[in-house]
Amino acid sequence: MEILLNGKKQDLGMYDKIDDMRELIKFIHTFIGEDIVKTVEIDEEEYTAEEIEAGLNLDMDAVSRVNLKTTDDKKKARENIKANVIEELPEMRDNFQQAAAEFALGDEEKGYEMVHDTLKNLEWIVLKIEVSLKRNDDEDGLEEINSIKEGFDGILKELDSEINTDRKGALTEMAEKASNLVKRLEELVEISDTTDTTS
């Protein structure tokens, strides 16, 4: 099933597997906020978000294309995403800093758990930022977020590596790098076109 946002195909990672429309709308509300999606085009038929939430009876196995159409108030949509992301990112940064402390203290198991859980939640946040940047054709922002994503990929490889001789020191440094990458995300959100007021 293809999922589009205002006609643009979205790569939602594991969330592409959502096969229930009410769950999809719930996901989108979490993703870009309440009252942003106005209509949902399922194949050739168009429905309101309210109809979907009320429990539209559809055979999702037969659906090939879902196009979520948002409010014309693009500024509202951007501000909603920005507010949501700004609220979440400091917690992600704090989690990585705490993981660094756990590694430094020698509690690798707790540090690993914190890093893996935070990276999982962060994937969702990065996706929100990326979709917003794409909607605003922010090439500089997209270049920066791709660089940040490469940094996180490097951290994942480092996390799974067993070749470090100073394992405690290396893991502590890795978690601190992750915290710094989150700081870059915060700065990106502050200066990106998610704050554009031309619409």
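Rule-based calculations on the coordinates, nothing more; no lab input. The structure displayed is predicted, hence computed values, not measured ones. Ideal geometry is used to build each Cβ from the backbone, glycine not excepted, and the neighbour counts take in all protein chains shown.
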Extension reserve of the Q97-D137 stretch, reckoned as 0.36 nm per residue once the Cα distance is removed: 11.1 nm
Region 114-121 - phi-based ³J(HN,Hα) in whole Hz, Karplus 6.51/-1.76/1.60, Gly and Pro as x: 5, 5, 5, 5, 5, 4, 5, 5
Listed pairs K69/K128; K26/K110; K69/K120; K9/K38; K134/K157 exceeding 22 Å between Cα atoms: K26/K110; K69/K120; K134/K157
Label-point separation, W124 to E108 (7 Å along Cα→Cβ), nm: 2.9 nm
E190 versus K157: modelled label distance in nm, points set 7 Å from Cα along the beta carbon direction: 3.0 nm
Residues whose placed amide H lies under 5 Å from that of T70, excluding near-sequence neighbours: N6, K38
